[in-house]
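*Asks:* Okay, handing you the structure first.
The values are calculated or read from the model by the stated rules, or taken from the named source; none is laboratory data. Since we're looking at a predicted model, the values are computed, not measured. So basically every Cβ, Gly included, is an ideal-geometry build from the backbone, and we count neighbours across all protein chains shown.
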Amino acid sequence: MIADDFEYDHRFAPPSEENLIKLELSRQEAAGLTRREIKCPVCSYRIMSAYTTEGCVKVKCRRCKFEGIISLRWFRRQKSLFRNRW
Ligand SMILES: [Zn+2]
């Protein structure tokens, strides 16, 4: 894997050899999985892409500055979980 396979600000030095290996392993792991977009709970700005439905991540929205923990289990769908409740 070469450092041109992903995007970053090239004013920074490329990732270390160890991190390049981790990146490549991550990419291979994600290859067979479905990608879905995680949107900000406040402004719906796309804050990240997830390939699993498990785990918690701390996110920061670049648009509205929301910062908080999101469980990928509960944010698996963009449609409201409570839509058909009543
Ligand atoms: Zn936001």
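*Asks:* Quick one: count up the residues across segment 42-83 that are modelled with pLDDT of 90 or more, among the aromatic types (Phe, Trp, Tyr), under 13 Å from the mean Cα position of the chain (by Cα) and over 18 Å from SER26 (Cβ atoms). I'd like the intermediate steps shown before the answer.
*Replies:* Going residue by residue through segment 42-83, those that are modelled with pLDDT of 90 or more are 42-51, 55-72.
Next cut, among the aromatic types (Phe, Trp, Tyr) only: 45, 51, 66.
Of the ones still in play, those that are also under 13 Å from the mean Cα position of the chain (by Cα) are 45, 51.
Filter again for over 18 Å from SER26 (Cβ atoms), leaving 45.
Qualifying residue count for the region: 1.
*Asks:* Moving to a separate point now. Considering only segment 6-25, I want to know if a residue exists there that is within 16 Å of the ligand (Cβ to nearest atom) and of a type in the set (A, V, I, L, M, F, W, C). Break it down stepwise before answering.
*Replies:* Filtering segment 6-25 for residues within 16 Å of the ligand (Cβ to nearest atom) gives none.
No, segment 6-25 contains no residue that is within 16 Å of the ligand (Cβ to nearest atom) and of a type in the set (A, V, I, L, M, F, W, C).
*Asks:* Can I ask one more? Give all pairs with beta carbons closer than 6 Å in which a residue from segment 61-75 that is part of a loop (DSSP other than H, G, I, E, B) meets a residue that is within 16 Å of the ligand (Cβ to nearest atom) and not aromatic (Phe, Trp, Tyr); count only pairs at least 6 apart in sequence or on separate chains.
*Replies:* CYS61/CYS40; CYS61/ILE47; ARG63/CYS43; CYS64/VAL42; CYS64/CYS43; PHE66/CYS40; PHE66/VAL42; PHE75/ILE38
*Asks:* OK, next. Could you please let me know if GLU29 is out of contact with any Phe, Trp or Tyr (no Cβ under 7 Å at 6 or more places or on another chain), within 14 Å of the ligand (Cβ to nearest atom) and at pLDDT below 95? Can you show your working first?
*Replies:* On the way: out of contact with any Phe, Trp or Tyr (no Cβ under 7 Å at 6 or more places or on another chain): yes; within 14 Å of the ligand (Cβ to nearest atom): no; at pLDDT below 95: yes.
For GLU29, the condition - out of contact with any Phe, Trp or Tyr (no Cβ under 7 Å at 6 or more places or on another chain), within 14 Å of the ligand (Cβ to nearest atom) and at pLDDT below 95 - is not met.
*Asks:* I'd like the full set of residues that are of a type outside the set (S, T, N, Q), without any contact (Cβ under 8 Å) to a residue 12 or more places away in the chain and part of a loop (DSSP other than H, G, I, E, B), limited to segment 16-36.
*Replies:* Hit for segment 16-36 is GLY32, nothing else.
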